[in-house]
1. Return one quarter of the surface area of the convex hull spanned by the alpha-carbon atoms of segment 210-347, equal to its mean projected area, in nm².
2. If each of L10 and K53 carries a label point 7 Å out from its Cα toward its Cβ, how far apart are those two points in nm?
3. Testing the spin-label approximation: label points 7 Å from Cα along Cα→Cβ at D307 and R177. State their distance in nm.
4. For segment 1-86, evaluate the Debye formula with one uniform point scatterer on each Cα (no solvent term) and list log10 I(q)/I(0) at q = 0.11, 0.24 Å⁻¹, rounded to two decimals.
5. Of the cross-linked pairs K138/K173; K133/K173; K6/K67; K53/K195; K40/K67, which ones have a Cα-Cα span greater than 19 Å in the structure shown?
Amino acid sequence: MTEVTKERVLETLKTVRGPDLEHNIVELGMVSDVFISDGKVYFSITVPAERAKELEPLRLAAERVIKEMPGVKGALVALTADKKAAANAPAARPAPQADHAHHGHSHAPQQQPRTAKIGVPGIGAIIAVASGKGGVGKSTTAVNLALGLQANGLRVGILDADIYGPSMPRLLKISGRPTQIDGRIINPMENYGLKVMSMGFLVDEETAMIWRGPMVQSALLQMLREVAWGELDVLVVDMPPGTGDAQLTMAQQVPLAGAVIVSTPQDLALIDARKGLNMFRKVEVPVLGIVENMSYFVAPDTGTRYDIFGHGGARREAERIGVPFLGEVPLTMNIRETSDAGTPLVASDPNGVVAGIYRAIAAKVWEQLGEKPQREAPAIVFE
């Protein structure tokens, strides 16, 4: 099989003309770093923000020529907009009447005003599950929250937005590669009745994702918008820890209905949780509440309760800042074992005590969603 290399990809992309119709997108510096894994090619094309919709044919042309390369199994290409590109990009000439679609330039008669994105078709509400730091059980909480929402009668999907450390394939015991519709739209994977999409389905588990911000944005938006989610009441987004590119991308491009913050009780975790909470507030995403994970431990042999990480810190923080406290999830060996085995508690032990806690948290989240007005995505501009 012909080896797919970065050099071959860039050489192929030189056949795609840029907006000025004279130079190609590689010469114009519009192509990001190219990442190749398992025969799949990932990159983004930087364009002026106000012309993103107009230049969609350019993205399609670039994606098409790469997919036609020998040895390429698939391509993930997205447009990335920034203010600098808007100032420096060459002006487009009027498009001639002849068909030049294979070169990737647009036939749009005039520039259309930029409009805020109002959601993903078929999805009623999108909520983010986030934490200020790693190691607090955010992904396990996200999975069981999604299953809790489903157990309460809703149609639910889950998007794994952690590009660098995707957890959903293991937590939901899903393997294999997703299929595509017409070479572009991806069918989500599925288990326990949840529709699931994760970068972990597209690259090997041990592959190191060495990506900068634009590539993270590109991959995240394509996993969100170019997946056949169907009709869902809720899409749960498992965010990476911290307050970085994934969170800003979601806040800028998607009208999040709200965010759920996960923290453990101790002060160190709460300090980081406050950062995540304040970030969502700054970009006008409603905070649906705080979950205190690993809240306490009950010894299985004696029934004695131990507050290993302290107790009640998340509840007090929620009261202090005026957001709902959603519930306390204990630290149990069963949660750890079922998470490692890919059999989440809400699915494997639906009548258990902990599954009941997750369902109660899910009910509170859904209640909060019913009280929050739908919002358009705010515009975030980097100077």
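What follows is calculated from the coordinates using simple rules that are stated; it is not laboratory data. Note that the structure is a prediction, hence the values are computed from the model and not measured. Here the Cβ is made from the backbone with ideal geometry for all residues, glycine too, and neighbour counts use every protein chain on show.
1. Numbers: hull surface 42.1 nm².
For the Cα atoms of segment 210-347, the hull's average projected area reads 10.5 nm².
2. Between L10 and K53, the label points sit 3.4 nm apart.
3. If labels sit at D307 and R177, their model points lie 5.2 nm apart.
4. -0.27, -1.19
5. Numbers: K138/K173 17 Å; K133/K173 25 Å; K6/K67 14 Å; K53/K195 28 Å; K40/K67 9 Å.
Pairs exceeding the cut-off: K133/K173; K53/K195.
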